[in-house]
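Below you'll find the structure, written out as structure tokens, and then a few comments.
The values are calculated or read from the model by the stated rules, or taken from the named source; none is laboratory data. As the structure is a computational prediction, the values presented were derived from the model and not from experiment. Because the Cβ atoms are built from the backbone with ideal geometry, glycine has one as well, and the counts that use them run over all protein chains shown. Accessible surface is based on the protein model in full, side chains and every heavy atom, while ligands, DNA and RNA are left aside. Shrake-Rupley method; radii C 1.70, N 1.55, O 1.52, S 1.80 Å.
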Amino acid sequence: MDMKRVKDYIYWLYYQYLLVTCSYVLEPWERSMFHTITVTVFAMVVYTAYVFVPIHVRLAFQFFSQIFGGQPESTV
């Protein structure tokens, strides 16, 4: 895949993002604020999922293993 096609594809994805979010009608300073807020919220969601989802999955696994007859873990 040549670089021009990759660059065109990235531009196309960015254009689709602008159309979906309707941010193409914003002024440049409004668009930069919108992108900043969007990236910040997305980063917070990814960080929260990275930190808390494994804990909840482990606790759910322990809970369901106790319900369905698994051996309790040692408290030692």
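Structure notes:
- Checked against the criterion of being open to solvent by less than 100 Å² (accessible area, probe 1.4 Å), part of a helix (DSSP H, G or I) and modelled with pLDDT of 95 or more, the candidates A60, A43 yield just one match: A43.
- The residue list P54, P72, P28 contains one member that is modelled with pLDDT of 90 or more, surrounded by fewer than 10 Cβ atoms within 10 Å (Cβ to Cβ) and not hydroxyl-bearing (S, T, Y), which is P28.
- Checking each residue in region 7-32 for being part of a helix (DSSP H, G or I) and of a type in the set (D, E, K, R) picks out K7, D8, E30, R31.
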